[in-house]
Amino acid sequence: MRLDYNKFKQKKVAKIATIGINPRLLSLKEINNIITSSKELESYKSKIETILFYGAGCASEDSRNNLKQLLFKYFDIATKITVEEDLKAAVYGTTKEPGVICILGTGSNCCYFDGKNVIVKQVSLGYSIMDEGSGNYLGKKLLNAYFYNKMPLDLKTKFEEEYNLTLDVILNGLYEKENPSAFLASFAKFVIENQSNEFIDAIIDKSLNELFDNLIMCYEEELFTKPLHFVGSIAYYLQTKIIKEAEKRNIRVSSFISKPIDNIIMNINKIDF
């Protein structure tokens, strides 16, 4: 969300964070609760005239329209609201030139940008079936190893010291909380911090191999001549391992962007919405 560009140019008035909003995973009531619970956002509500929203779960027209109606209701002086899928944000925040862009954060997704259009060859079915390489995928593999007793004792002890791993807590996070994908991804921090551990290293390598095999290589033809870009915190912290995996496949990785929002703000006047 941003304040009207024509009025404020490129002056950053505020940067406000909420928990993730995904209309595929959350009901409109849950999304409304997230927005209305932000006191900071409330203080700017009467000043916001134009909104450009990018998010996961916004690929379908129904999801976009439902979210747009909710935003119009809350930001009651807004005259223009555009809702787009997160892949477009990844593109606009990464490159102006043709290339393959892979999101690797809480979830994972990939597309090809031909310089004008965003082209998706592989549909994403989200955290329960796909999302290889992502934070929630790594969290899932970590919990799997822990509860199947496959984790080395020293690593298991360290894991237990850092997280509350009672069965009730895990089941509640997976089946009762609003966003199970984010819950799973919360364990990715442990993976990142312990990536030099042999057991963790194997989990990461297998996860990245699946990411390339199942998602990125759908764009094999484009990658013969165009670079690969990564967007998201997981990619940013696993750069060395990703580059190693890409080199095995003769793929050129051009950039890693942790948070594309800053680049989007810098180039907001060049985005058509």
message = Quick check: net charge around Thr94, other residues with Cβ under 13 Å of its Cβ, Lys/Arg +1 and Asp/Glu -1?
response = +1
Square roots of 5 times each gyration tensor eigenvalue, C-alpha, the chain, largest first, Å = 32, 25, 16
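Expressed as a whole percentage, what fraction of the accessible surface of the chain belongs to carbon and sulfur atoms when a 1.4 Å probe is rolled over the protein heavy atoms?
Working: 7150 of 14660 Å².
Of the solvent-accessible surface of the chain, carbon and sulfur hold 49 percent.
Under a point-charge model restricted to the Cβ atoms of Lys and Arg (+1) and Asp and Glu (-1), what is the dipole moment magnitude of the stretch 35-164 relative to its Cα centre, in debye to the nearest 20? Present the calculation step by step, with values, prior to reporting the outcome.
Numbers: 16 positive and 17 negative charges, 28 e Å.
So the dipole magnitude of the stretch 35-164 works out to roughly 140 debye.
Could you work out the local net charge near Ser233, counting Lys and Arg as +1, Asp and Glu as -1, over the other residues with Cβ closer than 10 Å to its Cβ? Walk me through the intermediate numbers first.
Values: positive: Lys189, Lys259; negative: none.
Residues near Ser233 contribute +2 overall.
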inquiry  = Lysine pairs in the stretch 94-192 with Cα distance under 23 Å, only those 8 or more apart or on different chains: how many are there?
reply    = 17
key: the stretch 127-195 and the stretch 238-264: distance between their alpha carbon centers, rounded to Å   = 24
inquiry  = For Cα pairs less than 8 Å apart in space and 6+ apart in sequence, what is the mean separation divided by the residue count of the chain, i.e. the relative contact order in percent?
reply    = 20
request  = Considering the options Thr82, Leu142, Cys58, tell which one lies farthest towards the positive end of the dipole of the chain, charges being +1 on Lys and Arg and -1 on Asp and Glu at the Cβ, about the Cα centre.
outcome  = Thr82
task = Note the angle between two axes, namely the Cα long axis of helix 153-162 and the longest principal axis of the Cα atoms of the chain, as a number of degrees from 0 to 90, rounded to the nearest 10.
result = 30
note = Site Ser255, offset 7 angstrom along Cα→Cβ, radius 19 Å on amide nitrogen, limited to the stretch 196-223, gives 223
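About its Cα centre, how strong a charge dipole does the chain have in debye, to the nearest 20, once Lys and Arg get +1 and Asp and Glu get -1 at the Cβ?
Details: 35 positive and 35 negative charges, 204 e Å.
Dipole magnitude for the chain comes out near 980 debye.
Over the chain, what is the percentage of antiparallel beta bridges among all DSSP beta bridges, to the nearest 5? Kindly include the intermediate steps, with their values, before the conclusion.
Working: 8 of 22 bridges.
So the antiparallel bridges amount to about 35 percent of the total.
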note = So the angle from the long Cα axis of helix 239-248 to the longest Cα principal axis of the chain, reported in degrees to the nearest 10, equals 70
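Report the net charge of residues surrounding Tyr54, where surrounding means a beta-carbon distance below 10 angstrom and charges are Lys +1, Arg +1, Asp -1, Glu -1.
Details: positive: Lys88; negative: Glu84, Glu85, Asp86.
Overall, the nearby charge balance is -2.
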message = Exceeding 20 Å between C-alpha atoms, which entries from my cross-link table qualify? They are Lys206/Lys241; Lys39/Lys259; Lys15/Lys259.
response = Lys39/Lys259
query = Tell me, what is the 1.4 Å probe accessible area of Lys156, in Å² to the nearest 10?
reply = 50
task = Only Lys, Arg, Asp and Glu count, each charged at its Cβ (+1, +1, -1, -1), so figure out the dipole size of the stretch 112-166 about its Cα centre, rounded to 20 debye.
result = 200
inquiry  = Along the charge dipole of the stretch 181-231, pointing to its positive end and built from +1/-1 on Cβ of Lys, Arg, Asp and Glu, which listed residue (Asn197, Pro227, Asn209) has its Cα farthest out?
reply    = Asn197
task = First obtain the Kirkwood hydrodynamic radius of the stretch 71-221 from its Cα pairs, then insert it into the Stokes-Einstein equation at 4 °C and 1.567 mPa s, and state the resulting D in µm² per second as a whole number.
result = 74
key: Rounded accessible area per residue of the chain, 1.4 Å, Å²   = 54
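The values are calculated or read from the model by the stated rules, or taken from the named source; none is laboratory data. Quantities reported herein were computed from a predicted structural model and do not represent experimental measurements. Methodologically, a virtual Cβ is constructed for each residue, glycine included, from the backbone with ideal geometry; neighbour enumeration extends over all protein chains shown. Note: accessible area is taken over every heavy atom of the protein model, side chains too, but ligands, DNA and RNA are not part of it. Shrake-Rupley method; radii C 1.70, N 1.55, O 1.52, S 1.80 Å.
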